[in-house]
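Reading through the structure tokens given below for one structure.
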């Protein structure tokens, strides 16, 4: 018998949905596959079709920056680019572990206002906007943020403990050092190259001195800066002229040299927490009393004396950079009262930076007059001195460049005016300006400053650089065997005993540095 009142059941309408998954490095339970299994089960029970999946893998949930998938999904919702009415998320923590719970609520509100509902598939509450779900979500969001804060504290404490045990925590090795992987018993396993990491949880990483060629470069940087008084910018230029690069393979510059000079790793120390970047917040420079340090964790490359002298120079320079014009003038008054006179060489010997005074006031003479000192010489003398210092710098740069091109090694000590060739020969350099006698003849006076060199670093040779009649260029050179007199007067013609040592170019001096295979 056929029933005439039979009505067929209405067809079930399937709605389109999007799935959002996120995995950092926390636990396997939060893998994207596990999340999608729960999401697909939820969608099947609700007659939803997962039409698109947005996935952020290896991304922290602390903020939306860097989470390209979440940003794209929010953008698609606002632009109504994708036709879906639901977003399926594993739980509240996968939506984000924002430190401000209102930020998580903000992104959910954007979706809901655009007509797209957000569902947390593994939670025990229904996200229906009721009182229960509102309270539960607020609690879950706060706990998700608190979990990140607790984890950050635990990770930091663990890292500090490893540092105190002598193990390196992240980051690449500085120039001259190498990262070495060791096992749980401390036995060395392998040297880690750039980009390589340890492969076992029980392995650790320590520092060890690198190749001897790099170690020698580090020691030379400290020697040039501390002993010879060479500035960081000039050190970088000399390193580049020798064809050397940093540990990242780029040319040296002022900043990279300063990083070497300030790096406590070269003392064999590990230092941690000098800067903080917790919970992806702003970077903070911590005071030294908050640093975590392990001394003598590995063999030192430079001596403590050189390292701390370098830091003292930086501290002095920092204070001088902060000096006002009034501070500079007061410093000049103190020096004038103590010594009775002022001069560029005196200021340089007292590390009072005459170049800075010249730059601030236009010339040393102007600064001298403001503190009540009248030099015994005319203003032209000071302008020539300033010009000679510039010529001196260019000349020594050219000498070093030519010597390095021959495969030899040379260093210049600006404080002592000493040129070291192959660590075997010391050449004292002095500039002689041109002057005219009462009879109109040319005169050059060579004055050797014995106090500058001292008995222990007395030059083996002396090079006199004679300026031309305008004191704007170099006329010739004298390469003299030793220093017999502290003062020597030269004219245009000086006899065979002196003019035999005269040269028009630097070829003879540079040729002395060339290596010859025997």
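The values are calculated or read from the model by the stated rules, or taken from the named source; none is laboratory data. Nothing here was measured: the structure is a model prediction, and the numbers come from that model. Note that each Cβ is placed from the backbone with ideal geometry, even for glycine, and that neighbours are counted across all protein chains shown.
A few remarks follow.
- Residues satisfying the stated conditions in the range 6-40, i.e. over 27 Å from residue 98 (Cα atoms) and at pLDDT 80 or above: 15, 16
- Enumeration of residues in the range 190-216 that are surrounded by fewer than 18 Cβ atoms within 10 Å (Cβ to Cβ) and over 30 Å from residue 242 (Cα atoms): 190, 197, 198, 199, 200, 201, 202, 203
- Top-ranked residue in the range 168-189 [being under 11 Å from residue 208 (Cα atoms) and free of Cβ contacts under 8 Å to residues at least 40 places away in the same chain; ranked as surrounded by the most Cβ atoms within 10 Å (Cβ to Cβ)]: 179
- With respect to (1) surrounded by 13 or more Cβ atoms within 10 Å (Cβ to Cβ); (2) not in a helix (DSSP H, G or I), the lone exception for residue 152 is condition (2).
- Whichever residue in the range 482-504 is at pLDDT below 85 and surrounded by 10 or more Cβ atoms within 10 Å (Cβ to Cβ) and, among such residues, is farthest from residue 433 (Cα to Cα): 482
- Subset of the range 442-465 that is surrounded by fewer than 19 Cβ atoms within 10 Å (Cβ to Cβ) and part of a strand (DSSP E or B) - its residue that is modelled with the lowest pLDDT: 447
- Flag for residue 136 being part of a helix (DSSP H, G or I) and more than 44 Å from the chain's Cα centre (by Cα): yes
- Against the test of being under 30 Å from residue 400 (Cα atoms) and touching a residue at least 12 places away in the same chain (Cβ under 8 Å), the options 225, 156, 194 yield a single qualifying residue, 225.
- Of all residues in the range 250-264 being more than 10 Å from the chain's Cα centre (by Cα) and more than 13 Å from residue 214 (Cβ to Cβ), the one that is surrounded by the fewest Cβ atoms within 10 Å (Cβ to Cβ): 250
- Flag if residue 219 is at pLDDT below 90 and either crowded, with 17+ Cβ neighbours inside 10 Å or touching a helix residue (DSSP H, G or I) at 6+ places or on another chain (Cβ under 9 Å) (or both): no
- Answer residue from the range 46-64, given it is crowded, with 18+ Cβ neighbours inside 10 Å and not in a loop (DSSP other than H, G, I, E, B) and is farthest from the chain's Cα centre (by Cα) among those: 48
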